[in-house]
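None of the figures in this text is laboratory data; all of them are computed from the coordinates on show. It should be emphasised that the depicted structure is a prediction, and the values quoted were computed from it without experimental measurement. Methodologically, a virtual Cβ is constructed for each residue, glycine included, from the backbone with ideal geometry; neighbour enumeration extends over all protein chains shown.
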Amino acid sequence: MSTILSTADARRVCTALSSPGLIRLITEIDDNGPIPPRGLARTLADLTEHHLRQATDVARALGLVRIRPGAGLALTTSGAELADVYDAIARWTRRHAYPASVADFTGRIQHTLALLADTPAAGHLPSAQALAGLAGPRDLLSQWLHAHAQAAQLAEHELAA
């Protein structure tokens, strides 16, 4: 995964992409289309105003979302491709019951991004067969990082701030 980033840099980017608010924002827009103006708090009602602001600020800084006049907050190409990475990770996690047989979507993404960044949380690790199946999501993440190197660098900057 580190064709453009060092292992430490890849870990920082994966940490930025693991933000629960960011995961929810990107997947919500991917699943349901643009979020209308002033509709963010209603759409993601379980997130605090602070977390909503933080998620949208990071998403804008990383070039994942933009305001579409008349439509609201929409994904950019980079954001749509990140949503594809999240979807691939989610399919893998459900297939392999990672990190546990019962886990929420955001937690599954977070744990798997940590695994991809070689910083898995304490708990059970996937089997060798499951790890082999992780090659697909790992490749998608690598491609996203390579195609959106500027976003990856901004993610590092966002974490440092």
Query raised in the report: Size of the dipole of segment 1-97 about the Cα centre, Lys and Arg at +1 and Asp and Glu at -1 on the beta carbon, nothing else charged, in debye to 20?
Result: 80
Report summary line: Here segment 136-148 yields Karplus 3J(HN,Hα) values (6.51, -1.76, 1.60; θ = phi - 60°; whole Hz; Gly and Pro given as x) of x, x, 4, 5, 4, 5, 4, 4, 5, 4, 5, 5, 10
Report summary line: Sorted by chain and number, the residues with a modelled amide H under 5 Å from that of VAL65, at a separation of 5 or more or across chains, are ARG60, THR76
